[in-house]
Structure formats: structure tokens, C-alpha cells
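So the structure is just underneath, and the comments pick up after that.
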Amino acid sequence: MNVDLLITHASQLLTIPSHDRGPQRGDRLGDLDLIEDGAVAMSGNSIVDLGPTSDLLEKYTAARAIDARGRVVMPGFVDPHTHVVFAGDRANEFEQRIAGATYMQIMNAGGGIMSTVRATRTASVDQLVEQTRARLDQMLLCGTTTAEAKTGYGLDTAAELKMLDAIEQLDQTHAIDLVPTFLGAHAIPAEYKGREDAYTDLVVNGMLPAAASRILHPAFAFCDVFCEDGAFNLDQTRRILERAKELGFALKIHVDEFEPLHGTRLGVELGATSVDHVVTTPQDEVSLLGRSHTIAVSLPGTPFGLAHKEYTPAKAILAAGGALAIATDLNPGTTWNESMQFIIALACRYLKLTQGQALAAATINAAHAIGRGGSIGSIEIGKQADVLIMSVSNYREIGYRYGTNLVDTVIKRGQIVVQNGRLT
Ligand code: NIG
Ligand code: FE
């Protein structure tokens, strides 16, 4: 049989399968289902077969073949939490933090998220798209083939819809697939200071219905809230997410990044797809999470970027039987980093994951964390052909080595989009 693309002789083919159609949970995290001297056959957008090279060479002839000798072949990274769409930068605030200011002090003084809101409100859709495209190119070069992308730097109806437009344009014109998340409840905008409930009303009655009709299929989109002291309290978070659920959005929550406000408990109760950050989460909520279908998305780039000492209690989440994914949280305030490889390196050191566990958290579990576990995140027959060839012969080098890009080739929907570490 003829196929479009055949990769052969991978030193290690990591398929990183779903378990029971879901994420890899608890002590089963890190199942790589590794095949030595492995091969993958692809036609059109899809993976049609995989197995030992000798078997596939007998079965298939290929329009194009890649010999991956001495290199690891694995699923594309999925980045399930990003604020990749924004205008401008906050290098000045980074200098203030080096000098001793905290993230929350800068935010309460009118900087932080609001400073990016001011820049994003002023930018045109074209400017937003162009500035974001450069970051997506870097993500693709570093092996990310699908990413979640949040709004949340508009904070009024028109500017939030402008951000959704930018996400849609980028999804259509860039190789990376983007999954949209409405985050109108990212901060209380300056003009509503002291009137948090009035802003919550606007999100519930104005922005959410507008976003739902703007996104054709809200079932394929998420709504998220930054549940935190100085942002949205637990009651406001609940109001917004209950309305979002009625409108057909799937749910995410930024929880326990700094203060534990019981957002994890709320996420489990509302059936959120994920709760994200999960740093200061109390043990009873970790146990609840472990028994639920809600995935914990850890963002170790954020404490690293803020030079904080506390990270997600990943071992406790796994001991409770939970499903753990990792993401960049790419944003201009706390962690401007496009690379999931760097997140894996941090996860090995600060979450104490093995390289294999971190790889599964960055692929199949990350895909489930954005509701796409049925179509991406692993090398399985019938799934989308999103495949990486890494310039290392052993997967244990990923996470161990860091700071250089170990991606050699990226295949997205069956097309070679990065070759020899360069965009094609
Ligand atoms: O996930 N915590 C809220 N949102 C981002 C930070 C966004 C910003 O500072 O611009 C986060 O860390
Ligand atoms: Fe975030």
C-alpha cells in the first residue's frame, strides 16, 4: 500500500497513548509505549500505521520517506494554557521585580495585566496578529503543534472580541492549531476599580453572550476565570462559570496561584476540564481533584519566572490518582517562554517528574486538558499526524538537557513544517 509519508528507523518511537480514552492518571503517568527502531506511516492529515520499521517497510511504499536513525520520534507538544495573544511587553516591570517589587504590588499599583490591557486595546487586529505570529513561530520551532490561546487583555466587550478575532485569524493562517478560551474575567479593569460585582455583571450579561455568538461552536471553546485575591473571588468566579456552562462553554479556572480560595473545589464541582496553576492547593482539595475528571494543569514557568520557591504539589496530585498536564502559561508578565521543552526541564526539577512523566504531561494529558485527547497528543492510528523528530537518540535527554532546542523536524497534519530546526 502507498502512503504519503513514512518515518523509519527511529531509535525510539514514543507513542504515549491515552488510557481508557482518557489521560494517564496517577502512578500510570509516564507510559511511553516505546518502540525501538520504530516507524510511522501517514497519509493526508492522519497517522495510518506504526510499529517496528521492518514491519512497516514490508507493508508500505511511500511518496516521501524520512530516515530518523539516531533520533527520537514522538507526538507534537500540546501547550494547554497560554496568553500568547497580547501587544507590547513588560520588560520595565521585570526590572521592578528584580529590584524587589512583587507581582501583586505592581498589579495593585495599576501595572501588571492592566498595562498589557492598555497596549492591547490600542493595537489593531492586524498588529495583534503580527506580534503574536512571531511567538507562534517560536513555539512551532520548539515543537508545539497545538496550543490553547486566551483572551483577557481586552476587558471590554469590543476588545475581548478583537482578541477572539486575532485567535481565529491565527488559527486559520498558522500551522499551530489554536483552541480559544474566553478570559474576560482576567482582571478588574481600572475603570471598574472598587466595583468588582458590576464588572462581573458585565462579563455575565454582556461579554459572555457576545463571545458565545462570536465563537460558532462554544462547545469547542473554553471560558476561564482568574480566581485570586485582587482579581475574582470565589462567588464571582462561580457566577461567571455557571453562566458560561449554560452557554455551552467548557470550563477552566486559574486557581491557587498565590492564595488558596477554594477554586479547585469549585472546578471539580462544576466539572471543569482543568484547573490551572494549582500551587497553594490544600491537601483535601488535592484529594478531591484526584478523584475527579478535572485535570490539574501545572505551569512551572510561572514560579520560575517570578523567582518564587513554591511549585505545584505534583507528587501529591499523582498520589491522589489525579491527571496532571503541564503548560507554558506564556504571557508578558510572569513568564514569556515559548518552549514546552523548557517546561519539561522545570517539571523534572521542581515537580520531580521523570522525563517520561513530563513528556506524557506535555502531550497526551495536555491534549485532554483542552478537550482534544481523541484527536491529538499521541501517535495512534487515526489520530492527526502531528509528529516530532528530536535530535537526540534517547528520550531521557529531553528535560535533562535544556536551553537549546532539541527539535529537528515538525510534522503538522502530515506536512513537514520545520526541517533541520528551521521553518520550511
Ligand atoms: O497565568 N495569573 C493570571 N494570568 C497570568 C499572568 C498574566 C499577566 O501577568 O499578564 C498567569 O500567570
Ligand atoms: Fe495564565
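Throughout, read-outs are computed from the coordinates displayed, never taken from laboratory work. All values reported here derive from a predicted model rather than from experimental measurement. Don't worry about glycine lacking a Cβ; one is built from the backbone with ideal geometry, like all the others, and counts go over all protein chains shown.
Fewest to most neighbouring Cβ within 10 Å: what's the order for HIS293, HIS9?
Placing the least packed residue first, the sequence is HIS293, HIS9.
Among ASN331, ASN45, ASN92, which one shows the highest mean-square fluctuation when the chain is modelled as a Gaussian network with alpha-carbon springs under 10 Å? Looking only at ASN331, ASN45, ASN92, the largest GNM fluctuation is found for ASN92.
Put simply, the convex hull of the Cα atoms in region 274-391 casts, on average, a shadow of 7.7 nm².
Test of understanding: ordering HIS368, HIS81 by Cβ neighbours within 10 Å, fewest first, what list do you get? Spell out each step's value before the answer.
On the way: HIS368 26, HIS81 30.
If I rank by nearby Cβ atoms, fewest first, I get HIS368, HIS81.
Run the helix sum for the chain: -39,500 (n - 2.57) per DSSP H stretch of 4+ residues, divided by residue count, reported at 222 nm to the nearest 500 deg cm²/dmol. Please list the in-between numbers first.
Working: 16 runs with 144 residues, N = 424.
Only helices count here, giving -9500 deg cm²/dmol.
With the Kirkwood sum run over all distinct C-alpha pairs, region 212-290 has a hydrodynamic radius of 12.5 Å.
When the Cα positions of GLY301, ALA369, THR82 are compared along the charge dipole of the chain, GLY301 comes out farthest toward the positive end, with charges on each C-beta of Lys, Arg, Asp and Glu.
Legend: translational diffusion of the chain by Stokes-Einstein, Rh = Kirkwood radius over C-alpha pairs, 25 °C, 0.890 mPa s; D = 114 µm²/s. Taking springs between alpha-carbon atoms closer than 10 angstrom, which of MET163, MET390, MET104 fluctuates most in the Gaussian network model of the chain? Maximum fluctuation in the GNM of the chain, among the listed residues, is at MET104.
Relative contact order for region 1-158: 26 percent, from Cα pairs under 8 Å spaced at least 6 residues apart, divided by residue count. Applying D = kT/(6 pi eta Rh) to region 47-166, where Rh is the Kirkwood radius over alpha-carbon pairs, T corresponds to 10 °C and eta to 1.306 mPa s, the Stokes-Einstein value obtained is 89 µm²/s. Reported value for region 208-344: 116 Å³ per residue, from the convex hull of its C-alpha atoms. Pairs of Cα atoms nearer than 8 Å and 6+ residues apart set the relative contact order; for the chain it is 22 percent.
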